[in-house]
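Single-structure report; data block below.
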Amino acid sequence: MSAQVRLLTEPFAAAAELSAFTAAQASAGGIASFLGQVRSGGGVEALELRHYGPLTLPGMEALAEEAQRRWALEGLLILHRSGEMAPGDPIVLVAAAARHRRDAFAAAEFAMDHLKSESWFWKREKVGGVWSWIEPRPVDFEDAKRWATT
């Protein structure tokens, strides 16, 4: 099984991506997915994600490889946007397919926890016409720590 990992600069159609991924997973008993999107409300006008190209995609691919080592997956999809986005735009889509649901849930959650805490993205949001950088939250690092192996 090879993972589909893509770093995108243009909007993606989350439903179409998930539908295509699901259609290719005939042997999976379960598919778990997570879609992250730009929040509306709070005065947020836009969100921008920047990244360091030489590290971002290779890091995402390494994350996918680690998920495949940890769980018996039939398929894995990781899509992540960069650039400027509006409220409601999709940012990230992670889907994991496995013969058993627990592996699918765990792999999807593992990937998201690491994308939030160890990714190579810098995030800023525009509120009231002013851009401000957003720092990762402590809970994002705590979420990733629970996957550490000893």
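Values quoted throughout were computed directly from the atomic coordinates according to the rules given, and no laboratory measurement underlies them. For clarity, every value in this text was computed on a predicted model and none was experimentally measured. Note that we place each Cβ from the backbone using ideal geometry, even for glycine, and neighbour counts take in every protein chain shown.
Between Asp89 and Trp133, the FRET efficiency estimated from the beta carbon spacing at R0 = 22 angstrom works out to 0.70. Helices in the chain, meaning DSSP H runs of at least 4 residues, each add -39500 (n - 2.57). Divided by all residues, the mean residue ellipticity at 222 nm is -11500 deg cm²/dmol.
Here the chain is treated with +1 on each Lys and Arg Cβ and -1 on each Asp and Glu Cβ, and its dipole about the Cα centre works out to around 240 debye.
A straight Cα-to-Cα reach below 12 Å connects Lys116 with the aspartates and glutamates Glu135, Asp140, Glu142, Asp143, residues fewer than 8 places away in its own chain not being considered. The angle separating the long axis of helix 14-23 from the principal Cα axis of greatest extent in the chain is about 10 degrees.
Comparing Ala97, Leu47, Ser19 along the charge dipole axis of the chain, the residue lying farthest to the positive side is Ala97, per the Cβ-charge model. Angle of helix 53-70 to the longest C-alpha principal axis of the chain, folded into 0 to 90 degrees and rounded to 10: 30°.
Based on the Stokes-Einstein relation at 25 °C and a viscosity of 0.890 mPa s, and on the Kirkwood radius from alpha carbon pairs, segment 1-61 is assigned a translational diffusion coefficient of 168 µm²/s. Decide, for segment 40-93, between rounded, prolate and oblate: order the square roots of the alpha carbon gyration tensor eigenvalues as a ≥ b ≥ c, take rounded if a/c falls under 1.5, and otherwise choose prolate if a/b is larger than b/c, else oblate. Oblate. Remark on segment 1-145: hydrodynamic radius 15.7 angstrom, per the Kirkwood mean of 1/r across alpha carbon pairs.
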